[in-house]
Amino acid sequence: SMTFVDTTVTASKRDIAGTDEIKGAKMQVTDMNGKIIDTWTSTNKPHSIKGLTEGHDYILTEITAPNGFVKAESIKFTVSKEKKNQAVVMKDKQFTASKKDVSGKNYVEGAKLEVRDDQNRVVDSWTSTKEDHYVSGLEEGKTYRLVEAEAPKGYVKADDIFFTVSNEKKNE
């Protein structure tokens, strides 16, 4: 008789500290030809990926990141032939933006802020408060523009700020 041993491959979506699973990311695994093997939305537990073949390469992709998180670059992984369980961990970082006065110490409330992509599309917009805003809709490796669409009364509208989201796994 023959016995087939299934290797379990789990995918985790975690914060930068690597400890907490992040809920609400739309995830997908494809083979090297782009064929979709599995699609799911992350929960507070790792996801077991079905339908993988030992010794083959696959790509784990984040289709959409949860609000307040940066979409991570895809990860290529190979399913082990060693009949042991495998974990693929993708970490999402966070990118914060705020409006402060010229001293850089005090938050300015009531500014209407937008982050625009290189096609000038608004990826996130909010009104500034006394705390940092976790920007949604960003992707690693891409360049964006922070725009003050409307200044609060008594303030001059700030110049646009261009910034690039690094591929480094640390919050920015």
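The values are calculated or read from the model by the stated rules, or taken from the named source; none is laboratory data. Every value quoted in this text rests on a predicted model; they were computed, and no experiment measured them. Every residue, glycine among them, receives a Cβ derived from its backbone with ideal geometry; neighbour counts consider all protein chains shown. Remember, those area values only see protein heavy atoms, side chains included, never the ligands or the DNA or RNA. Shrake-Rupley method; radii C 1.70, N 1.55, O 1.52, S 1.80 Å.
For the stretch 152-160, the criterion of being at pLDDT 95 or above, open to solvent by less than 90 Å² (accessible area, probe 1.4 Å) and not β-branched (Val, Ile, Thr) is met by at least one residue.
The residues of the stretch 1-49 that are at pLDDT below 90, of a type in the set (S, T, N, Q) and over 12 Å from Lys91 (Cβ atoms), listed by number, are Ser1, Thr3, Thr7, Thr8.
Just checking, does the stretch 29-42 include any residue being part of a loop (DSSP other than H, G, I, E, B), open to solvent by 40 Å² or more (accessible area, probe 1.4 Å), closer than 11 Å to Thr10 by Cβ and in contact with a strand residue (DSSP E or B) (Cβ under 8 Å, 6 or more places away or on another chain)? Break it down into steps so the answer makes sense when it comes.
First, pick out the residues of the stretch 29-42 that are part of a loop (DSSP other than H, G, I, E, B): 32-35, 42.
Next, from what is left, pick out any that are open to solvent by 40 Å² or more (accessible area, probe 1.4 Å): 32-35.
Restricting the remaining residues to those that are closer than 11 Å to Thr10 by Cβ gives none.
So far as the stretch 29-42 goes, no, none of its residues is part of a loop (DSSP other than H, G, I, E, B), open to solvent by 40 Å² or more (accessible area, probe 1.4 Å), closer than 11 Å to Thr10 by Cβ and in contact with a strand residue (DSSP E or B) (Cβ under 8 Å, 6 or more places away or on another chain).
Among the residues of the stretch 42-51, is any hydrophobic (A, V, I, L, M, F, W, C) and free of Cβ contacts under 8 Å to residues at least 24 places away in the same chain? Give the derivation first.
Applying the first criterion (hydrophobic (A, V, I, L, M, F, W, C)) to the stretch 42-51 yields 49.
Imposing the further condition that a residue be free of Cβ contacts under 8 Å to residues at least 24 places away in the same chain reduces the set to none.
Within the stretch 42-51 (the criterion being hydrophobic (A, V, I, L, M, F, W, C) and free of Cβ contacts under 8 Å to residues at least 24 places away in the same chain), the answer is no, since none of the residues qualifies.
Residues considered: Gly24, Gly68. Of these, the only one that is within 24 Å of Ser166 (Cβ to Cβ), open to solvent by less than 30 Å² (accessible area, probe 1.4 Å), in contact with a Ser or Thr (Cβ under 8 Å, 6 or more places away or on another chain) and not in a strand (DSSP E or B) is Gly68.
Which strands (runs of 3 or more DSSP E) sit wholly inside the stretch 87-172 and have at least 2 residues that are in contact with a Phe, Trp or Tyr (Cβ under 7 Å, 6 or more places away or on another chain) and touching a residue at least 24 places away in the same chain (Cβ under 8 Å)? Steps first, please.
Details: elements: 112-116, 122-127, 143-150, 161-164.
Result: 112-116, 143-150.
Looking at the stretch 92-114 only, could you name the residues that are under 22 Å from Gly141 (Cβ atoms) and among the basic types (Lys, Arg)? Steps first, please.
Keep residues of the stretch 92-114 that are under 22 Å from Gly141 (Cβ atoms), which gives 92-97, 114.
Scanning the stretch 92-114 gives a single hit, Lys93.
Filtering the stretch 71-81 to residues that are outside any strand (DSSP E or B), in contact (Cβ under 8 Å) with a residue 40 or more places away in the chain and either farther than 17 Å from Trp40 by Cβ or open to solvent by 40 Å² or more (accessible area, probe 1.4 Å) (or both) leaves Glu73, Val79, Ser80.
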